[in-house]
Amino acid sequence: MKILKRIIIVVLLAPLFGMLIIAFCNLTIIEYSKGKIYDNVKDIPYKEVGLLLGTSPTTINGWTNIYYTYRIDAAVKLYKAKKISRILISGDGKEKSYDEPKYMRRDLIKRGIPAHKITLDKKGLRTYDSVINAKETFGLSNFTVISQRFQNERAIYLAGHNDIDAIGFNAKDAPNQKGKSAVKVRIREVFAKVKVFMDLILPACLNIP
């Protein structure tokens, strides 16, 4: 009976423990990013490089991805306001038929950004990869992350724990985008912030450089 009681207690407490972990991860990252992310282009300090985080120009259903459009807008706004001088686009470009950095480069050039001011990182499969690649592959330790606030928060936390001086510029959010409800995006983001801690803790536990 004692064993059964212990099992019941564990089963009852496990969800609560899980919720506490999720809350801790999310609040820690959000708090860390305070004072490092900006909504107004007039307020953000100059950094030579803007790290533009990739996404697809269209949704799974074939509609225009507003998150993509707003990130392009944000990058152009920063560049034309002379808050950045170069742009590193980091995203999934592992396949010829799907190449986020290539699409973004094309649309930035259409908006007046000189091609020679744009560099591509086609191995930015995740936010973690984009941040680490910026430092280890491109030698950057100081840059402005360009994405929506929820992703900027994660990127800045990851940057800070890898000796990178990063700030973020928030592209407009898109809560009412067709085919991708605000609820789904927010739920995914809650667990993405937990994944940040896994990315940071697991390599250390396994002694992976």
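The values are calculated or read from the model by the stated rules, or taken from the named source; none is laboratory data. Note that this is a predicted model, so its numbers are computed, not measured. Virtual Cβ from ideal backbone geometry, glycine too; neighbours counted across all protein chains shown.
Scanning the stretch 130-166 for residues that are in contact (Cβ under 8 Å) with a residue 24 or more places away in the chain, within 20 Å of ARG86 (Cβ to Cβ) and surrounded by fewer than 18 Cβ atoms within 10 Å (Cβ to Cβ) turns up LYS135, PHE138, SER141, ASN142, ASP165.
Rundown of residues vs (1) touching a helix residue (DSSP H, G or I) at 6+ places or on another chain (Cβ under 9 Å); (2) under 27 Å from THR144 (Cα atoms); (3) without any contact (Cβ under 8 Å) to a residue 24 or more places away in the chain, yes/no style:
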position	(1), (2), (3)
ILE3	no, no, yes
ILE7	no, no, yes
GLY35	no, yes, yes
GLY50	yes, yes, no
SER56	yes, yes, no
GLY62	no, no, yes
ILE84	yes, yes, no
PRO101	no, yes, no
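The numbered conditions (1) closer than 24 Å to LYS42 by Cβ; (2) modelled with pLDDT of 95 or more are all true for VAL131 except (1). If only residues of the stretch 59-116 that are polar (S, T, N, Q) and in contact with a Gly (Cβ under 6 Å, 6 or more places away or on another chain) are counted, the one that is nearest to TYR46 (Cα to Cα) is SER90.
Just so you know, in the stretch 81-103 the residues that are small (Gly, Ala, Ser) and surrounded by fewer than 24 Cβ atoms within 10 Å (Cβ to Cβ) include one that is nearest to GLY139 (Cα to Cα), and it is SER85.
Based on what the data block shows, is VAL76 in contact (Cβ under 8 Å) with a residue 12 or more places away in the chain, touching a Phe, Trp or Tyr at 6+ places or on another chain (Cβ under 7 Å) and not small (Gly, Ala, Ser)? Walk me through it before giving the result.
Numbers: in contact (Cβ under 8 Å) with a residue 12 or more places away in the chain: yes; touching a Phe, Trp or Tyr at 6+ places or on another chain (Cβ under 7 Å): no; not small (Gly, Ala, Ser): yes.
No: the conditions fail for VAL76.
What about THR144, is it over 16 Å from ILE37 (Cβ atoms), of a type in the set (Val, Ile, Thr) and either in a helix (DSSP H, G or I) or at pLDDT 95 or above (or both)? Considered against the rule, which asks whether it is over 16 Å from ILE37 (Cβ atoms), of a type in the set (Val, Ile, Thr) and either in a helix (DSSP H, G or I) or at pLDDT 95 or above (or both), THR144 comes out as no. Inspection of the stretch 78-91 finds no residue satisfying the criterion of being at pLDDT below 95, more than 22 Å from SER33 (Cβ to Cβ) and small (Gly, Ala, Ser).
Scanning the stretch 46-57 for residues that are more than 21 Å from GLU189 (Cα to Cα) and of a type in the set (Lys, Arg) turns up at least one hit.
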